[in-house]
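Below is one structure, written out as structure tokens; comments come after it.
The values are calculated or read from the model by the stated rules, or taken from the named source; none is laboratory data. Keep in mind the model is a prediction, meaning the values are calculated, not measured. Every residue, glycine as well, gets a Cβ built from its backbone with ideal geometry; the counts of neighbours run over all protein chains shown. Accessible surface is based on the protein model in full, side chains and every heavy atom, while ligands, DNA and RNA are left aside. Shrake-Rupley method; radii C 1.70, N 1.55, O 1.52, S 1.80 Å.
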Amino acid sequence: MSEGNIRAAFATQATWCRRLGGTFTADLCMTLARVLDRSTAVGARVLDWSGDPIADALALRLVGGLNGLVRAGSLPELAALYPPQPVGDTADFARRAAAALDDKRLLPWLDSPPQTNEVARSAVLMPGLMAIAAATVLPLRLFELGASAGINLRLDHYRYDFNGMKVGPNEAPVVLHPDWRGPPPPDAKVVVVGRRGVDLIPVDARDADHLLAYVWPEQIDRVARLSAALAAFVADPATIDAGDAADWAEANVTVVEGATTVVFHSIAFQYFPVATQARIVAHLAAVGASATAVAPLACLRFEMDAAASVAALPTLRLTLWPGGEDRLLARAHPHGANVEWLG
Ligand SMILES: C[S@@+](CC[C@H](N)C(=O)[O-])C[C@H]1O[C@@H](n2cnc3c(N)ncnc32)[C@H](O)[C@@H]1O
């Protein structure tokens, strides 16, 4: 990969950040694209990157590392220009960003991809559970694939405002109020009788600082929401197993009488190897073939459509067995900021 391609990848990341409202992080990516050089170990490692900088989310690895060190109080010079402080003079910002690259504590952050767990996706998934509860009139057993720290597995513990329809406990640690378009979701009570998740590398919810480093620092509401959701998870955890999603689904997902078995995933399927994806689809079809009205199976997915352009929004889709009917329920912002309900 040429140095020009690496700098271009930082500029591309800046465009995506700006589109998602991450103005500061976009400016940081553009600044890094300019100031990276081989005078520091960090700069040399980035500019000599042998993999695909886009697929490896290289810019977000470095931005996450800088944010992690800023949050830990280790880069006070740069921190002085971080949100919520007003953005400083561009030349000054570039000088401080360049100086920060001299910090070798950034190197381990380049070793692994950004780890995220976006709790506002619960505002997309929860109406999906309401649609499943309305269709099956049974309590739900939840199985999450690619669960990260697992905070979306506790989605029934959060409070929602879906265009005036209030759902969930009054005293919830997390309150989500997406910009709702279209008709309301089905007004069905969601009762969860089991929950368990899997992730290739589960994130320890007790290590909040690590996950918080990957939340763009200008998104102050997201930082607050994630902190609250992680604290609630630590107080009342769900089991997140370490492993491959297909191995785990084959070992754990089967139907039982008296409850709807719900397999769900959000912005995770695209990261699974193709063989894992195929095995999950095959296993659900096989289990679905044995589903009955008193032992149904649901697969709820908030994911990018395979053939979608980068500008397209992810969709919420539901397949219900017996029958295997497929429904497009919603389109939504990738971080759950808005939901267009199509139900
Ligand atoms: C972008 S994160 C999304 C996390 C979470 N679903 C959310 O919406 O916040 C994707 C997750 O998929 C996990 N993952 C990737 N490959 C996997 C696999 N083969 N099996 C299980 N999890 C996997 C990653 O470790 C990561 O935590």
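Side notes on the structure shown:
- Within-9-Å neighbourhood charge of Ala332 [Cβ basis; K, R +1; D, E -1]: +1
- Over all other residues within a Cβ to Cβ distance under 11 Å of Ala79, the charged ones net out to +1, with Lys and Arg as +1 and Asp and Glu as -1.
- Applying 1/(1 + (r/R0)^6) with r as the Cβ-Cβ distance of Asp247 and Ala99 and R0 = 41 angstrom yields a FRET efficiency of 0.35.
- Candidates Ala213, Thr260, Val203 compared by Cα position along the dipole of the chain: farthest toward the positive end lies Thr260, with charges placed on Cβ.
- Efficiency of FRET between Met304 and Ala91 - r from beta-carbon atoms, R0 30 angstrom, step 0.05: 0.20
- Principal axes of the chain: Cα extent on each, largest first, Å: 65, 42, 36
- Helix-only arithmetic for the chain: the sum of -39500 (n - 2.57) across DSSP H runs with n ≥ 4, divided by the residue total, places the mean residue ellipticity at 222 nm at -11500 deg cm²/dmol.
- Here the simple spin-label model places points 7 Å from the Cα toward Cβ, and for Leu342 and Ala80 these points are separated by 5.1 nm.
- FRET efficiency for the Asp52 to Thr15 pair, using the beta carbon distance and R₀ = 22 Å, is estimated at 0.80.
- Between the range 76-151 and the range 219-255, the C-alpha centres lie 14 angstrom from each other.
- Student exercise, the chain dipole from Lys, Arg, Asp, Glu Cβ charges, in Debye to nearest 20: 360
- Accessible surface computed residue by residue for the chain, with neighbouring protein chains in place and a 1.4 Å probe, gives 43 Å² per residue.
- Charge tally around Leu320: other residues with Cβ under 12 Å, Lys/Arg +1 each, Asp/Glu -1 each, net 0.
- Here the range 62-92 is scanned for amide nitrogen atoms under 18 Å from the site 7 Å beyond the Cα of Asp207 along Cα-to-Cβ, giving 62-73.
- Carbon + sulfur, % of accessible area of the range 1-129 - ligands and nucleic acids excluded, 1.4 Å: 55
- Label point distance in nm, Val294-His177, each placed 7 Å from Cα along Cα→Cβ: 4.5
- For the chain, the longest principal axis of the Cα atoms and the long axis of helix 3-19 meet at an angle of about 50 degrees.
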